[in-house]
1. Considering only residues that are among the hydroxyl-bearing types (Ser, Thr, Tyr) and either farther than 24 Å from B:Asn137 by Cα or in contact (Cβ under 8 Å) with a residue 40 or more places away in the chain (or both), which ones fall in the stretch A:106-122?
2. Quick check on my filter: what residues within the stretch A:92-105 are closer than 29 Å to A:Leu163 by Cβ and surrounded by fewer than 21 Cβ atoms within 10 Å (Cβ to Cβ)?
3. Taking the residues in the stretch A:204-229 that are out of contact with any Ser or Thr (no Cβ under 9 Å at 6 or more places or on another chain) and surrounded by 15 or more Cβ atoms within 10 Å (Cβ to Cβ) as candidates, determine which candidate is nearest to A:Gln75 (Cα to Cα).
4. Say whether the condition of being surrounded by fewer than 16 Cβ atoms within 10 Å (Cβ to Cβ) and touching a residue at least 40 places away in the same chain (Cβ under 8 Å) is met by at least one residue in the stretch A:243-251.
5. How many residues, within the stretch A:121-147, are within 14 Å of chain B (Cβ to nearest Cβ), more than 19 Å from the chain's Cα centre (by Cα) and surrounded by fewer than 20 Cβ atoms within 10 Å (Cβ to Cβ)?
6. Could we say that A:Phe71 is within 23 Å of the chain's Cα centre (by Cα), at the interface with chain B (Cβ under 8 Å from one of its Cβ atoms) and either surrounded by fewer than 14 Cβ atoms within 10 Å (Cβ to Cβ) or among the aromatic types (Phe, Trp, Tyr) (or both) here?
7. What single numbered condition from (1) surrounded by fewer than 17 Cβ atoms within 10 Å (Cβ to Cβ); (2) at pLDDT 95 or above; (3) closer than 23 Å to A:Ser151 by Cα; (4) among the hydrophobic types (A, V, I, L, M, F, W, C) fails to hold for A:Phe194?
Amino acid sequence: MKNLILSVLLIIPSLTKSQDPLDNKKPEIKTDFSKIKDVLKNDQLEEEVNKKLAKEKGLKELEEKELKERFLVPQSNEIWSFLSELWIIRNTEKLKWNFEKPDYGMDEFFAKFLEDQGYYELNFKILLLDNSLIPHFCLPSNPNEAIFLFSAPFMRILDLSKLEISLLLLEDYNRNKMNQFKNRVKSPDLEKTFGMNFQKQEFPQKVFDDVLKSYDDLVFDKGFNFEEQFEITMKMESILKSNTTLWNTYLNLIEKIGNLSKTNLLYKDYAKLYPSPEMQLNWLKPKKKAL
Amino acid sequence: MIGKLSNLHGRYKLKIVFFLFWTLFFDLNATSLPVVNDLYFTLFSGHLHQGPNAQSTSLKILNCGDKLKVITSDKEEKTNSKFEWVKLQTGNYIGFVRKDFISNDQPSCFNNKYLKFVEKFNLEITDKYNWGRLYDNYVWGKSKVK
């Protein structure tokens with residue numbers, strides 16, 4: 001084999017020489033190229049070259065695919081946590097979440113509480129706010145995640161126990177599971193953007209700006225409506241009524257919040273965000289039968 | 001004669017190898033150089049803290065996928081935090097990050113996967129700083145598997 005390759009290497013320069021116009025007089029050497037081809041074939045060089053080319057092509061295609069993927073708008077199962085956290089970041093000063101606070105041990109308590117109620121494998125993040133205006137919210141997030149906002153002054157003024165805080169978080173979580181928040185902030189245009197590729201078209205910036213604006217409207221101003229509030233109250237009844245301790249704690253909690261919103265000017269807007277503790281109690285308490 | 005010489009040469013070789021191995025082994029033990037591993041930061045953004053505490057000064061903003069060298073030392077760092085903190089190095093900075101924010105495996109990062117999408121929101125350095133602070137401020141938890 002080596003001899004063959006050597007002979008091929010010796011033949012090639014002589015061939016190039018023969019093409020020189022000055023050496024026209026020299027006799028032509030006829031080479032059987034088919035034999036060289038056979039040699040290359042036997043050495044599997046052709047295969048190697050093809051493999052290398054295919055690999056290079058594959059790599060190029062992969063690079064193009066990766067580049068294209070980077071222009072993708074995330075799907076609905078990946079986008080919400082990003083949007084909610086972006087909204088939190090954009091409202092850092094308003095929400096006042098960046099402050100030192102003691103460890104209330106809510107992580108362990110709430111995890112255990114969720115497990116007791118049959119909510120498993122839920123990753124939750126609770127952000128305490130040094131703000132009286134936003135009592136508690138659960139922001140839209142990716143599946144199996146929950147992002148909670150909870151006001152520390154609200155917690156202190158009502159002297160809420162860990163169980164009461166957990167009940168409010170559970171209410172907010174279920175509100176989210178019922179898509180009450182998402183339905184208020186997402187537009188049909190937003191849904192169209194999920195998974196779209198904007199490499200060769202304009203990025204729908206306005207759609208996302210509008211979503212973040214809708215977060216503002218809902219959290220800082222409008223809150224939820226009576227219909228949504230009725231839905232969640234009934235849901236909570238179905239979850240808690242079988243457990244007397246939880247049920248009574250929930251009823252007392254709503255009463256406490258109702259009294260606060262009536263007597264403390266700082267919390268007068270609570271009933272606007274969550275209409276209304278009084279109505280909730282009416283929906284939940286058994287009706288007195290007329291004699 | 002040649003045989004003897006080569007035998008002598010072989011013995012010297014063996015001694016030199018043995019000496020090198022011995023000195024290297026004892027040198028490592030004597031100076032207790034840190035054992036260094038590569039780990040990755042897993043969150044969207046975060047901070048390399050000066051001390052093992054979420055309120056401690058930020059030395060550097062970290063991004064998801066940032067490679068970090070973990071420095072393990074014999075001395076345990078004293079911390080009031082209930083979380084485990086890891087001492088690590090990135091570039092010229094040595095600081096602390098919560099153990100649950102780092103991973104041995106390269107994470108799948110939102111900011112890398114959707115690079116151009118994230119770029120469209122023009123996140124400034126203060127946004128990245130605040131995003132890291134947000135993760136420091138969260139109360140993180142998880143309910144267990146059924």
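The values are calculated or read from the model by the stated rules, or taken from the named source; none is laboratory data. Owing to the predicted nature of the structure, the values given are computational and were not obtained by experimental measurement. Note: ideal-geometry Cβ built from the backbone for every residue, glycine included; neighbour counts use all protein chains shown.
1. A:Tyr119, the sole residue that qualifies.
2. Answer for the stretch A:92-105, where residues must be closer than 29 Å to A:Leu163 by Cβ and surrounded by fewer than 21 Cβ atoms within 10 Å (Cβ to Cβ): A:Lys96, A:Asn98, A:Phe99, A:Glu100, A:Lys101, A:Pro102, A:Asp103, A:Tyr104, A:Gly105.
3. My answer is A:Leu212.
4. no
5. Residues that pass the stated criteria total 2.
6. Yes: the conditions hold for A:Phe71.
7. The number of the failed condition is (3).
Here's the yes/no breakdown for (1) among the small types (Gly, Ala, Ser); (2) in contact with a strand residue (DSSP E or B) (Cβ under 7 Å, 6 or more places away or on another chain):
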site	(1), (2)
A:Glu115	no, no
A:Lys125	no, yes
A:Asp130	no, no
A:Pro135	no, yes
A:Ile147	no, yes
A:Asp159	no, no
A:Ser166	yes, no
A:Lys182	no, no
A:Pro188	no, no
